[in-house]
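The values are calculated or read from the model by the stated rules, or taken from the named source; none is laboratory data. Treat the numbers as computed from the prediction; the structure is a model and nothing was measured. Don't worry about glycine lacking a Cβ; one is built from the backbone with ideal geometry, like all the others, and counts go over all protein chains shown.
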């Protein structure tokens, strides 16, 4: 093992390439990091409708990474984040995340160890997933119901979609009724044992988000994702405090009864990656 470690410590990055892949409504963007040892790592950097900007960001990151040791993952992350000057933002962070994934992939392959072992070991033998895009081609509630049945027949147990059309900030009663008819059709088609995940894409104001969420409660969805802009924590808190329904902010749930603390700690967790000595607790 010591001989292997000495060998990989001499490894250097020689190239980084992006691979956009056409997919329903958007393009997936995969990033591949190449090394002089022939070991490669793959990461995923998809940013819906902004894939060209994302590819440009990866190319920019590449300029400083070629020649570096790919195993210095934390150093590369902090140097790249710090030296960007305009730090953060969806484009830069998506590009940086993809590169980081690829570097971890290289580390695992170099030492012949699954990445989960470096991150604390396996917790579950399998992880439940949900599907999106199952509704492709559906326009009317009946069609959504039919598509949902097909998804369940294929083994799906949770499905997510946005039933709100192109409404922004507010939604008329007629448009809301249409959205609710869509959700009702899907719920009737799949029964109560299948989880429905409703997406808001962060585009409603607080009163509208609350109004929609209260109407959705009758269908017992697993969660309502981003009823308001996900970076507006005060708005998320206000919506949450008005509901029984569970909300989701991006990839993180907002726990019941701990909204204020949770949102504050969420900000601290994000910043703890930038300031790693900062302690974070949920008490």
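Please work out if residue 52 is surrounded by fewer than 18 Cβ atoms within 10 Å (Cβ to Cβ) and outside any loop (DSSP other than H, G, I, E, B). Against the criterion (surrounded by fewer than 18 Cβ atoms within 10 Å (Cβ to Cβ) and outside any loop (DSSP other than H, G, I, E, B)), residue 52 qualifies. A single member of 31, 91, 58 is touching a residue at least 40 places away in the same chain (Cβ under 8 Å), under 18 Å from residue 115 (Cβ atoms) and not assigned by TED's automatic domain parsing to the domain that holds residue 231, and it is 31. Applying the set (1) at pLDDT below 90; (2) within 30 Å of residue 134 (Cα to Cα); (3) not in a loop (DSSP other than H, G, I, E, B) to residue 30 leaves exactly one unmet item: (1). The condition (being over 23 Å from the mean Cα position of the chain (by Cα), outside the structural domain of residue 47 (by TED's automatic domain parsing) and part of a loop (DSSP other than H, G, I, E, B)) is satisfied by just one residue among 171, 150: 171. For region 113-139, a residue qualifies if it is touching a residue at least 40 places away in the same chain (Cβ under 8 Å) and either assigned to a helix (DSSP H, G or I) or exposed (fewer than 13 other Cβ atoms within 10 Å of the Cβ) (or both), and exactly one does: 136.
For region 62-112, the tally of residues that are under 19 Å from residue 17 (Cα atoms) and either out of contact with any helix residue (DSSP H, G or I) (no Cβ under 9 Å at 6 or more places or on another chain) or assigned to a helix (DSSP H, G or I) (or both) stands at 28. Residue 121 passes every criterion in (1) on the phi > 0 side of the Ramachandran plot; (2) in contact with a strand residue (DSSP E or B) (Cβ under 8 Å, 6 or more places away or on another chain) apart from (2).
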